[in-house]
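Enquirer: So that we are looking at the same thing, I have put the structure below in structure tokens.
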Amino acid sequence: LQDVLSSAESLIRYFERIRDDINFKSFYTKILKENESLTDKPILARHRRPSKRYQSSSDSVEFSSCEEFYRQQYMESLGTVVNMLQNRFTQKNFKLLCNFEKFILYAANNSLDDSNDYFQSIMDFCYGDIDVEKLKVEALMIVDFFQSVIKTHQMNIKQITKISTICEIFNSCEVGKEMLKEYHKLTKLYLTIPVTTATAERTFSTYRLKTAILSTMTQSRLNHCLLPHMYKEKIDKIDPRQIASKFRSSNEKRQHFFGLIL
């Protein structure tokens, strides 16, 4: 997440820097030159006065040239992009997730004491989910446990820089999940908190399955239809013959009945 935040901040600074008349003039001239052999020169559309019911107290803007029109489009587009990036990556929860990531990675490489500022962020965000006092005790031995596992399993890891590496270490030594229970729980919480809502929005869009014609569909059947629809890429990879074979081999009666079919 720190890399994502740094990239977003770099983009914001870049877009703000090029949002001026000098950069627009250069951009506009370059586009006109590249499009000379591709299309006609831009023509300013005829100004149309909006209907009275759509008119506001301010008069509509009338441009004197194409360059002036596209200048406004250029400035508005960059302003919209900057505002969207700032709104998305300056949210309080996103910064808390960044602190979580810093703590998880820092604790995996260094021994922490009670005075670390990260514990307060964890208390504020995971109140009731994480026992911070136990986490403070675990933080003293996390780095020793990881180094021991890396040495025992001969992992080629010099420094832990990714959350996936921590998951790999935990999976290679199951006792660590109980030994560092709160730290492991914190890692799982970090991995399950969605950074975006795109997946949830796509899920809600699949509710179009239940149309007026299919309004008698029960909730149970709706759930059964939604899951394959949402994960259709994974469903396509499943071999139905393996499922049928497993279903058939579950008891002798099915083997006798479906034996000739399969």
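The values are calculated or read from the model by the stated rules, or taken from the named source; none is laboratory data. Bear in mind the structure is a predicted one, so any value in this text is a computation, not a measurement. Here the Cβ is made from the backbone with ideal geometry for all residues, glycine too, and neighbour counts use every protein chain on show.
Enquirer: Taking the stated definitions as given, is Asn35 at pLDDT 75 or above, out of contact with any Asp or Glu (no Cβ under 6 Å at 6 or more places or on another chain), surrounded by 13 or more Cβ atoms within 10 Å (Cβ to Cβ) and over 30 Å from Leu105 (Cα atoms)?
Expert: No; evaluated as a whole, the condition is false for this residue.
Enquirer: Inside segment 235-255, can you point out the residues that are exposed (fewer than 10 other Cβ atoms within 10 Å of the Cβ) and either part of a helix (DSSP H, G or I) or touching a Leu at 6+ places or on another chain (Cβ under 6 Å) (or both)?
Expert: If the condition is that a residue be exposed (fewer than 10 other Cβ atoms within 10 Å of the Cβ) and either part of a helix (DSSP H, G or I) or touching a Leu at 6+ places or on another chain (Cβ under 6 Å) (or both), then Asp236, Lys237, Pro240, Arg241, Gln242, Lys246, Glu252, Lys253 are the ones that fit.
Enquirer: Can you tell me how many residues in segment 53-102 are among the small types (Gly, Ala, Ser) and at pLDDT 80 or above?
Expert: Residues in segment 53-102 being among the small types (Gly, Ala, Ser) and at pLDDT 80 or above: 3 in total.
Enquirer: Just give me the residues in segment 20-32 being of a type in the set (Lys, Arg) and either surrounded by 11 or more Cβ atoms within 10 Å (Cβ to Cβ) or at pLDDT below 80 (or both), in sequence order.
Expert: Lys25
Enquirer: Across segment 12-22, what is the number of residues that are touching a residue at least 24 places away in the same chain (Cβ under 8 Å) and within 11 Å of Leu78 (Cβ to Cβ)?
Expert: So the count comes out to 5.
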